[in-house]
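**Q** Would you mind keeping the following structure in view while I ask a few things?
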Amino acid sequence: MIEIPFGAAEAWAIAPFTVIALFAMGILLYETFRTDDHGPELTFWFSILGLAGAAIASLLAWDNGSVAFGGTFATDGVAVFTNLICILAAGLSLMMGVHYMELIRVRAREFQPLVLFAVSGMFIMGGARDLIVLFLGIEVMSIPAYVLAGIHRQDHASGEAALKYFLLGAFATSFLLYGIALVYGATGTTTYAGISMALSTAPHLALLGGIALLIVALGFKVGVVPFHFWAPDVYQGAPTAVTALMAVGIKAAAVVGTARLFLSGFAGMHVEWSIVLWWISVATMTLGNVVAIVQSNVKRMLAYSSVAHAGYLIAAIASGTPRGGGAILFYLLAYAFMNLGAFAVVIAVGAKDEPNEKMSDFAGLATRRPLLSGAMALFLLSLMGIPPLVGFVGKLYIIEALIAAGQVGLGVIVILNSVVSGYYYLRVIIEMFMKDATREIPALDPRPYLMVCVAIALAGTIFFGIFPDLALEAARDSFAALR
């Protein structure tokens, strides 16, 4: 029998996961037995309370423990920073969904517990220092996400999105397991520290095969080319509140899990895998931006935009330096604010039985909702990389990390792709401010939770653009101390 040591370090390590899982199970039980009609708003506040408790537990765990469970799981700065980004994504996504789920006639009581269960998997991915733990985190995160994508049962597009996501996710899982098997066979261990020590003596061909399979599996979760085909259909078909969680929370956990694996476990083979990631990054950001240009649906455009931003993040991993890792964490924080805000505005423009997701539906929005249009314009300008918004600072730090690592060419490609992205981001702004509405659209309903969500996202987009050092130093210190 294998004895698993459990002490103070282990208790602190799983504290965030424990808090969020307990709240998820408690809310699920309450939803199972409640008979009143006032449950959704009450369980929303319980969900927010659970996320706040997990945030506190994460910060306390950072101070009280670092590595636990025999070196397979960490509560270091990288994990805590990732936890906070995922908590932000989940909190704002739940805030979007309070009235949105009622608007699209989704009566599913499991929405909020499923979001919390998905976040618990994100926590595991953020702190994984072992391939088996990484696999566990991916599955705990992905299974609730499959259900959430299809939670709008009356909508065929939602069901199709869930089916595509599930089938391709299962396919990617097989690549992950085969990759883990090859790496274990070559190194005799699954821990990142053990893999790093065994690289010099491991069979080169088997190890390269394992790394290649892991890139395929993790590439699916991040949504990079050529493993991105699921993203546009799933993002468009899933309810928008769920899309926001997938585009930010799931992407953040997947990117950090990938960065920790390659910058820690496979750091000794940086020359081999950085070439592959270089080309994947270029293909991802270029294809994402070019295809986004021809989209007429704002939600689908944001999906291809998400693919392009995955390319920027992979470029930072390809740098192979802790500076690149710090840029990843800061960019994920920036991306969370501006992307969640954009999806919140998409929800706000929609009405009952009219999602209003086409470009033409945004025409003349500034005359009806000037503040909402102004917020959307700032989110899109930030995604494009216009100063002094947070998106500009995030891209700047990625480019800086690439130049410091000697990859000037990749930095130039990031800049050129940011210029290309201006076409489709500015297109939405032109529709809102410079064109008249092509059809009569009913007045937008007041939704206080959604407006608070937009306000929080807007505040973060502006604040961290002007004062980036408050988050950047923590991000850089986290990856600099990575073990």
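The values are calculated or read from the model by the stated rules, or taken from the named source; none is laboratory data. These figures come from a predicted structure and were not determined experimentally. Ideal geometry is used to build each Cβ from the backbone, glycine not excepted, and the neighbour counts take in all protein chains shown.
**Q** Quick one: in segment 358-376, which of the residues that are surrounded by fewer than 20 Cβ atoms within 10 Å (Cβ to Cβ) and aliphatic (A, V, I, L, M) is nearest to the chain's Cα centre (by Cα)?
**A** In this case the residue turns out to be MET359.
**Q** Taking only segment 124-134 into account, find how many residues are part of a helix (DSSP H, G or I), crowded, with 24+ Cβ neighbours inside 10 Å and among the hydrophobic types (A, V, I, L, M, F, W, C). Please lay out each step first, then the result.
**A** Here is the first cut: in segment 124-134, the residues part of a helix (DSSP H, G or I) are 124-127, 131-134.
Subset that is crowded, with 24+ Cβ neighbours inside 10 Å: 124-127, 131, 134.
From the residues that got through so far, the ones that are among the hydrophobic types (A, V, I, L, M, F, W, C) too are 124-125, 131, 134.
Qualifying residue count, segment 124-134: 4.
**Q** Check whether at least one residue in segment 393-415 is modelled with pLDDT under 90, small (Gly, Ala, Ser) and either crowded, with 21+ Cβ neighbours inside 10 Å or under 26 Å from ASN297 (Cβ atoms) (or both), and report yes or no.
**A** No.
**Q** If GLY137 satisfies all but one of (1) part of a helix (DSSP H, G or I); (2) free of Cβ contacts under 8 Å to residues at least 24 places away in the same chain, what's the number of the condition it fails?
**A** (2)
**Q** Could I ask something else about it? Right, ILE429: within 25 Å of ALA283 (Cα to Cα), touching a helix residue (DSSP H, G or I) at 6+ places or on another chain (Cβ under 8 Å) and either buried (at least 20 other Cβ atoms within 10 Å of the Cβ) or β-branched (Val, Ile, Thr) (or both) or not? If you could, list the steps in order and put the result at the bottom.
**A** Values: within 25 Å of ALA283 (Cα to Cα): no; touching a helix residue (DSSP H, G or I) at 6+ places or on another chain (Cβ under 8 Å): yes; either buried (at least 20 other Cβ atoms within 10 Å of the Cβ) or β-branched (Val, Ile, Thr) (or both): yes.
So ILE429 fails the test.
**Q** Here is a check on your reading of the model: is GLU10 under 15 Å from THR75 (Cβ atoms), among the acidic types (Asp, Glu) and at pLDDT below 85?
**A** For GLU10, the condition - under 15 Å from THR75 (Cβ atoms), among the acidic types (Asp, Glu) and at pLDDT below 85 - is met.
**Q** In segment 58-68, is there at least one residue being within 21 Å of LEU340 (Cβ to Cβ) and of a type outside the set (S, T, N, Q)?
**A** Filtering segment 58-68 down to residues within 21 Å of LEU340 (Cβ to Cβ) leaves 58.
Keeping just the survivors that are of a type outside the set (S, T, N, Q) gives none.
No, the conditions are met nowhere in segment 58-68.
**Q** Given the conditions (1) closer than 19 Å to MET141 by Cβ; (2) basic (Lys, Arg); (3) more than 16 Å from the chain's Cα centre (by Cα), report the number of the one that ARG260 does not fulfil.
**A** Result: ARG260 passes all but (3).
**Q** Ok, one more. When you go through (1) closer than 30 Å to ARG109 by Cβ; (2) touching a Phe, Trp or Tyr at 6+ places or on another chain (Cβ under 7 Å); (3) not basic (Lys, Arg) one by one for GLU139, which number turns out not to apply?
**A** Only one criterion in (1) closer than 30 Å to ARG109 by Cβ; (2) touching a Phe, Trp or Tyr at 6+ places or on another chain (Cβ under 7 Å); (3) not basic (Lys, Arg) is unmet by GLU139, namely (2).
**Q** Turning to a different aspect of this structure: Does ALA471 count as farther than 30 Å from VAL349 by Cα, surrounded by 12 or more Cβ atoms within 10 Å (Cβ to Cβ), modelled with pLDDT under 80 and aliphatic (A, V, I, L, M)?
**A** On the way: farther than 30 Å from VAL349 by Cα: yes; surrounded by 12 or more Cβ atoms within 10 Å (Cβ to Cβ): yes; modelled with pLDDT under 80: no; aliphatic (A, V, I, L, M): yes.
Criteria not met by ALA471.
**Q** For the structure I just gave you, tell me whether SER58 is at pLDDT below 90 and surrounded by fewer than 23 Cβ atoms within 10 Å (Cβ to Cβ).
**A** So SER58 does not fit the description; no.
**Q** For segment 130-162, give me each residue that is over 18 Å from the mean Cα position of the chain (by Cα) and at pLDDT 90 or above.
**A** ASP130, LEU131, ILE132, VAL133
**Q** While we're here: Tally time: how many residues in segment 377-388 are of a type outside the set (Ser, Thr, Tyr), surrounded by 24 or more Cβ atoms within 10 Å (Cβ to Cβ) and either in contact (Cβ under 8 Å) with a residue 60 or more places away in the chain or touching a Pro at 6+ places or on another chain (Cβ under 7 Å) (or both)?
**A** 2
**Q** Of these, GLY159, GLY194, GLY169, GLY121, which one is in a helix (DSSP H, G or I) and buried (at least 22 other Cβ atoms within 10 Å of the Cβ)?
**A** GLY121
**Q** Look at segment 140-156 and say how many of its residues are assigned to a loop (DSSP other than H, G, I, E, B), of a type outside the set (Asp, Glu) and surrounded by fewer than 21 Cβ atoms within 10 Å (Cβ to Cβ). Before the answer, list the steps.
**A** Keep residues of segment 140-156 that are assigned to a loop (DSSP other than H, G, I, E, B), which gives 150-155.
Narrowing the set further to residues that are of a type outside the set (Asp, Glu) leaves 150-154.
In the following step, the residues that additionally are surrounded by fewer than 21 Cβ atoms within 10 Å (Cβ to Cβ) were identified as 153-154.
Looking only at that region, the number is 2.
**Q** Filter segment 367-386 for residues that are within 15 Å of MET301 (Cα to Cα) and outside any helix (DSSP H, G or I) and give the result.
**A** Result: no residue meets the conditions.
**Q** Scan (1) surrounded by fewer than 22 Cβ atoms within 10 Å (Cβ to Cβ); (2) closer than 26 Å to ASN83 by Cα; (3) modelled with pLDDT under 90 for the single condition THR201 breaks and write down its number.
**A** All conditions are met except number (2).
**Q** Separate question: Output yes when any residue across segment 310-326 is over 18 Å from GLY409 (Cβ atoms) and under 13 Å from the mean Cα position of the chain (by Cα), and no when none is.
**A** Yes, some residue in segment 310-326 is over 18 Å from GLY409 (Cβ atoms) and under 13 Å from the mean Cα position of the chain (by Cα).
**Q** From TRP279, TRP230, grab the single residue that is surrounded by fewer than 23 Cβ atoms within 10 Å (Cβ to Cβ), at pLDDT 90 or above and farther than 23 Å from VAL393 by Cα.
**A** TRP279
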